[in-house]
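Quick note: the coordinates plus some simple rules give every number you see, no bench work behind them. All of these numbers come straight from a predicted model, not from anything done at the bench. Here Cβ is always computed from backbone atoms with ideal geometry, including for glycine, and neighbour counts include all displayed protein chains.
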Amino acid sequence: MDTKQLQEQFIKIYGENDRELKSFLSPGRVNLIGEHIDYNGGYVFPCALSFGTYAIARKRTDNVIKFASTNFELKVETTTDKIEYNKDNDWANYPIGVVKEFQNKGLKFNGFEILVSGTIPNGAGLSSSASLEVLTAVIINDLYNFRVNMVDMVKMSQSAERNFVGVNCGIMDQFAVGMGKKDHVILLDCNTINYEYVPLKLKGAKLIIGNTNKRRGLADSKYNERRLECEKALEELKQELNINALCELDVETFEKYKFLIKDEIRKNRAAHAVYENMRVKEAVKKLNEGDIDTFGKLMNKSHESLRDLYEVTGTELDTMVEEAWKIKGTIGSRMTGAGFGGCTISIVKEEAVDDFIAVVGKKYEERTGIEPSFYVAEVGDGAKELI
């Protein structure tokens, strides 16, 4: 992204004055393994990407706040004394919610102008909303020198999405966006917010994101449905077990007590959560040992569980993963994100990358009628000012 060009667009929209323009980047994220368990108290294993949401920002001397985007025609203006949810504000509700979070901390500040330009495809499941939220937090923190630490800004961004926008999200997306580290994956315990960085050593392989270009139309409604199913299964297990989340269970204990869950569908949902959490722990161990082949097999198992037990994949994701599995150089492939469209993540041997993109792309389009997009992903840092 040419930030100089973005600055020129900023000046066209907002005009020129003597106040300093600052540039920022907030990445997208991809989760290598550990899907739909962040809200079940499990471990997840995401990383920040080297691309995401760019912004140019400038302080104002009054209390007016202005948002514009190169991705949407809608421009939104409000004031610091009128921070409220408005459906008509559409995408701008995410950053406005973050403004509210800073106010909730008792912090007082004037207005600002922001122009954002996202390179994360909307609806792809790479966390464009979390990227925008953390970006706004970093901008306000920097412009007004509040010195709020990144973990707190991550929590504020999650709170903005949950309490202001009304999406009952886990913390993984905002955490990966804010706390990302170049060439490292984050092992995050969503129960405690304890985390550690794990070096990503792929030994002659690359991460490839495959965008199905199927918008995730069912994702929000099914997400809430799955959460309720898991909560009900947890309540049933708590009749005899002293637990607060499904992922506190090991496999052996779950198998012993799963009879308490009276509905087969809820039993499947709980089984996915427990076994997926076990797969994350095993995958991290194998990555640390340099055993990428077993890591890839665990990714495959993760997709099968999301398809068969959690039922959040859908035709397009299944098709892309099935075609990826057929390529000789594919080490592992799975859906990533909420499901029902969006993206897959694959580990592919370097010498097979071109073949993978060409063949999987061709077969996928033949089977679905949709042209996919592919990105060879680099693992980048978390949200920050660009110097």
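Give me the percent relative contact order of the stretch 123-189, please, defined on Cα pairs under 8 angstrom at least 6 residues apart. Write out the running numbers ahead of the final one.
Working: 49 pairs, mean separation 22.6, N = 67.
Once divided by the residue count of the stretch 123-189, the mean separation gives 34 percent.
Charged neighbours of PHE10, selected by a Cβ distance under 10 Å, balance to -1 (K, R count +1; D, E count -1). Could you give the size of the charge dipole of the stretch 160-314 about its Cα centre, using +1 on the Cβ of each K and R and -1 on the Cβ of each D and E, expressed in debye and rounded to the nearest 20? Approximately 580 debye in magnitude.
Computed 3J(HN,Hα) for the stretch 128-143, one whole-Hz value per residue from the Karplus formula 6.51 cos²θ - 1.76 cosθ + 1.60 where θ = phi - 60°, is 5, 5, 4, 4, 5, 5, 5, 4, 4, 4, 5, 5, 4, 4, 6, 4, glycine and proline marked x. For the stretch 205-377, what Kirkwood radius comes out of the mean inverse Cα-Cα distance, in Å? Roughly 17.0 Å, rounded to one decimal.
Amide hydrogen proximity for SER69: with H placed 1.01 Å from N in the peptide plane, the residues at 5 or more positions away or on another chain lying under 5 Å are VAL116.
Residues whose amide H comes within less than 5 Å of that of PHE51, counting only those at least five positions distant or on another chain, are GLY28 (H built at 1.01 Å from N in the peptide plane). Overall, the chain carries a charge dipole of about 300 debye about its Cα centre when +1 sits on the Cβ of Lys and Arg and -1 on the Cβ of Asp and Glu, all other atoms neutral.
Residue order for ARG29, ARG226, ARG60, fewest other beta carbons within 10 angstrom first, comes to ARG60, ARG226, ARG29.
Cross-link partners for LYS75 among the lysines, with Cα-Cα distance under 16 Å and sequence neighbours closer than 8 places in the same chain left out: LYS12, LYS66, LYS87.
Listed cross-link partners LYS22/LYS206; LYS182/LYS349; LYS203/LYS362; LYS181/LYS281; LYS201/LYS328 are compared with a 31 Å cut-off, the Cα-Cα value being larger for LYS22/LYS206.
Restricting the stretch 4-38 to GluC sites (Glu not before Pro) that sit in a DSSP loop and have at most 14 other Cβ atoms within 10 Å of their own Cβ leaves GLU16, GLU20.
Show that you can apply the helix-only estimate: for the chain, add -39,500 (n - 2.57) for every DSSP H stretch of four or more residues, divide by all residues, and state [θ] at 222 nm to the nearest 500. Walk me through the numbers on the way to the answer.
Values: 11 runs with 154 residues, N = 387.
Calculated from helices alone, the mean residue ellipticity at 222 nm is -13000 deg cm²/dmol.
Phi angles of the stretch 311-320 translate, via the Karplus equation with coefficients 6.51, -1.76, 1.60 and θ = phi - 60°, into HN-Hα couplings of 6, 10, 8, x, 4, 5, 5, 4, 4, 5 Hz per residue; Gly and Pro are given as x. Rounded to the nearest 5, the antiparallel percentage of DSSP beta bridges internal to the stretch 45-196 is 75%.
Taking every C-alpha pair closer than 8 Å and separated by at least 6 residues, the mean separation divided by the residue count of the chain gives a relative contact order of 24 percent. Projecting the Cα atoms of TYR275, VAL167, ALA68 onto the charge dipole of the chain (Cβ charges, centred on the Cα centre) puts ALA68 farthest toward the positive pole.
Contact order normalised by length for the stretch 190-277, with contacts defined as Cα pairs under 8 Å and 6 or more residues apart; what percent is it?
Working: 40 pairs, mean separation 25.3, N = 88.
Relative contact order, the stretch 190-277: 29 percent.
Here the Karplus relation 6.51 cos²θ - 1.76 cosθ + 1.60, evaluated at θ = phi - 60°, turns the backbone of the stretch 199-209 into coupling constants of x, 9, 10, 9, 6, x, 10, 10, 8, 10, 8 Hz, with x for every Gly and Pro.
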